[in-house]
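What follows is a short report on a single structure.
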Amino acid sequence: VQLQASGGGLVQAGGSLRLSCAASGITFSNYAMNWYRQAPGKQRDSVATITTGGRTNYAESVKGRFTISRDNAQNTVYLQMNGLKPEDTAVYYCKADRNYYGFTYWGQGTLVTVSS
């Protein structure tokens, strides 16, 4: 199983980035997909989730600015990030969950840096 995250980078405050996470080795459509982030010296926190049925959930701090989506044909989950703030600076990770079976897989992180 491999989850390959990409799309991070350096952006000015107010800017946008789109993260992608391409999955292989799993039946992607059977998995809920998540984005987490971890800022330096802080714990890893959930940012957004999309279920197999397409329902979404967001952390309060990103509601209205971030959008999670999935393309089951491309085995890819996206995180569109608009209105970025310096406090969004973190390493962003994708995670695949199939909770009924207890399957969880993490991707490697992609660094997002927002300058003020």
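Worth pointing out:
- Spherically averaged projected area in nm², based on the convex hull that wraps the Cα atoms of the chain: 6.8 nm²
- Of the trypsin sites (Lys or Arg not before Pro) found in segment 9-100, those that fall in a DSSP loop while having at most 15 other beta-carbon atoms within 10 Å are Lys42, Arg55, Lys63, Arg65.
- Full extension of the chain between Glu87 and Asp45 gives 13.8 nm of extra length, using 0.36 nm per residue less the Cα-Cα distance.
- Only Lys, Arg, Asp and Glu carry charge here, each on its Cβ (+1 for the first two, -1 for the last two); on that basis the chain has a dipole of about 80 debye about its Cα centre.
- 1.4 Å probe accessible area per residue over the chain, in Å²: 53 Å²
- Heavy-atom accessible surface of the chain: percent carbon and sulfur, 1.4 Å: 45 percent
- Length-normalised contact order of segment 1-77 in % [C-alpha pairs under 8 Å, at least 6 apart]: 25 percent
The values are calculated or read from the model by the stated rules, or taken from the named source; none is laboratory data. Everything numeric in this text was worked out from a predicted model, so none of it was measured. Please note: Cβ atoms are built from the backbone with ideal geometry, for glycine as well, and neighbour counts cover all protein chains shown. All accessible areas refer to the heavy atoms of the entire protein, side chains included, with ligands and DNA or RNA removed. Shrake-Rupley method; radii C 1.70, N 1.55, O 1.52, S 1.80 Å.
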